[in-house]
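The values are calculated or read from the model by the stated rules, or taken from the named source; none is laboratory data. Computed from a predicted structure; not experimentally measured. Ideal geometry is used to build each Cβ from the backbone, glycine not excepted, and the neighbour counts take in all protein chains shown.
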Amino acid sequence: MKKLGILGGGQLGRMLLQAAANYPVVTFVLENDPDCPAAKLCQHFTLGDFRNYDDVLAFGRQVDILTIEIEAINVDALETLVAEGKTVIPSPAVLRTIKNKVTQKAFYAQHAIPTPSFVVTETLQDLHQHTDKLPAVHKVGEGGYDGKGVQMLHSADDFPKGFDAPSVLEQKVDIATEIAVLAAVDQAGKVVLYPPVEMVFDPVLNLLDYQLCPAQIDKTVLWKAEAIVMRLVKAFGSAGLFAVELLVDKQGEVWVNETAPRVHNSGHHSIEAHYSSQYDMLLRVLLNYPLGNPDALSGSALVNLIGEPGYSGPARYEGLEEILKMPGAYVHIYGKAQTKPGRKMGHVTVLGTDRIDLTRKARLIKEGLKVKA
Ligand code: ADP
């Protein structure tokens, strides 16, 4: 049986392992926390740092195929492993491009992929040369996640909130809708696309509230999004599963915000709502099997279970039993012992007939299920 190594042991790795249980494959995980969400579901767990060259090299040498569930991987080690004959998906080159927003944006520009126009800043001081670009969005090159490396700069008064490290300063898009498209590329280069999902934001907190699939977008927006994603994955030239986040502006233009070269939060709903989930699809790619069917079996809403503000400590899931009684709701708890404000602790996918039904169910779940300590 082939040996599959997953770099990173978070919830994405855990759900990939759940899908891997259906295939003839032996699973290995590298992560520096023996209690991480993936540790108990893999067959072989290695304690180590995926940012460290030696750790990644030693881990990779014992498997046949490697994939990632986080971008912050030691790419030099992956390049050595490719040179030694290992299959690494996505390719180290793509990972190198994507893991830094400066090189990621430059790649879009080089390949004529529509993305908000930008300049690169090296220090906080550099922002003062670009007051003409305001209002704009400052994004740190490396180390940001879940909005933590992103700052809106409305005026020069906001400059102290920016990043004193290599970053991009990006034109602010007048957003009508945020959507995401998952693409799977097999080892022969064949591509399939999942239907777009739509992010619904809390207008007060400006945080992701829930996600709906299908997205409510015009046909022309759909076609533009699909054409852009197709061109993008062709440009990457790598097998893998790619999550492309897109901004749709009020004129109906479509812009690439960012890409993750891996399974993604925006694809969790595919476990129950699509023929082949993003996890099943990635396994097919990794094991060189035919691609699955990305189409939806049902409309779905996805609600992330986030650690409630004001609570830190052993996690308690308030309202869980009520949500488990809801027809068509699928609860996923990631097995993280400790909750803290904003931590992703689980998610719920709920199936529904139409947008009104899905919105109602998503709100019930948001209100009814809280992660506290
Ligand atoms: P992260 O990598 O932390 O998820 P993103 O680059 O996705 O950060 O940005 C987070 C959010 O900021 C986006 O979901 C979007 O709402 C907003 N945003 C990002 N870029 C722009 C932009 N150019 N114009 C307007 N809003 C933006």
Residue pairs qualifying under the 8 Å Cβ cut-off, at least six apart or on distinct chains, with the first in the stretch 352-373 being of a type in the set (Gly, Ala, Ser) and the second being part of a loop (DSSP other than H, G, I, E, B), are GLY352/SER298; GLY352/GLY328; GLY368/GLY319; ALA373/TYR311; ALA373/SER312; ALA373/ALA315
Got at least one residue in the stretch 217-233 being outside any helix (DSSP H, G or I), within 16 Å of the ligand (Cβ to nearest atom) and of a type in the set (D, E, K, R)? no
Of the candidates ILE323, ILE333, the one satisfying the condition of being crowded, with 16+ Cβ neighbours inside 10 Å, under 17 Å from PRO37 (Cβ atoms), among the hydrophobic types (A, V, I, L, M, F, W, C) and touching a helix residue (DSSP H, G or I) at 6+ places or on another chain (Cβ under 9 Å) is ILE333
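Looking at GLY240, GLY267, GLY292, can you tell me which residue is on the phi > 0 side of the Ramachandran plot and either in contact with a helix residue (DSSP H, G or I) (Cβ under 8 Å, 6 or more places away or on another chain) or at pLDDT 95 or above (or both)?
Result: GLY240 is the single residue among GLY240, GLY267, GLY292 that is on the phi > 0 side of the Ramachandran plot and either in contact with a helix residue (DSSP H, G or I) (Cβ under 8 Å, 6 or more places away or on another chain) or at pLDDT 95 or above (or both).
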Is at least one residue of the stretch 216-225 among the aromatic types (Phe, Trp, Tyr) and in contact (Cβ under 8 Å) with a residue 60 or more places away in the chain? no
Name the one entry in LEU17, LEU41, LEU4, LEU30 that is part of a helix (DSSP H, G or I), among the hydrophobic types (A, V, I, L, M, F, W, C) and either crowded, with 18+ Cβ neighbours inside 10 Å or out of contact with any Gly (no Cβ under 8 Å at 6 or more places or on another chain) (or both). LEU17
Return the residues of the stretch 67-105 that are in a helix (DSSP H, G or I) and touching a strand residue (DSSP E or B) at 6+ places or on another chain (Cβ under 8 Å); say none if nothing qualifies. LEU78, LEU81, VAL82, VAL94, LEU95, ILE98, LYS101, VAL102, GLN104, LYS105
Mind checking which residues of the stretch 240-256 are within 14 Å of the ligand (Cβ to nearest atom) and of a type in the set (Phe, Trp, Tyr)? TRP255
If a residue must be exposed (fewer than 15 other Cβ atoms within 10 Å of the Cβ) and within 16 Å of the chain's Cα centre (by Cα), how many such residues does the stretch 208-256 contain? 0
Can you tell me which residue in the stretch 248-272 is nearest to LEU232 (Cα to Cα), limited to those that are touching a Ser or Thr at 6+ places or on another chain (Cβ under 8 Å) and assigned to a loop (DSSP other than H, G, I, E, B)? PRO261
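Restricting attention to the stretch 188-213, and to residues there that are among the aliphatic types (A, V, I, L, M) and closer than 23 Å to LEU241 by Cα, which single residue is modelled with the lowest pLDDT? Working first, answer last.
Of the residues in the stretch 188-213, the ones among the aliphatic types (A, V, I, L, M) are 188, 191-193, 197, 199-200, 204-205, 207-208, 212.
Pick out the ones that are also closer than 23 Å to LEU241 by Cα and you get 188, 191-193, 197, 199, 208, 212.
Details: ALA188: 98, VAL191: 98, VAL192: 98, LEU193: 98, VAL197: 98, MET199: 97, LEU208: 83, LEU212: 98.
Per the stated criteria, the residue is LEU208.
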Which residues, counting only those in the stretch 116-125, are part of a loop (DSSP other than H, G, I, E, B) and either farther than 25 Å from GLU253 by Cα or near the ligand (Cβ under 8 Å from one of its atoms) (or both)? PRO116, GLU122, THR123
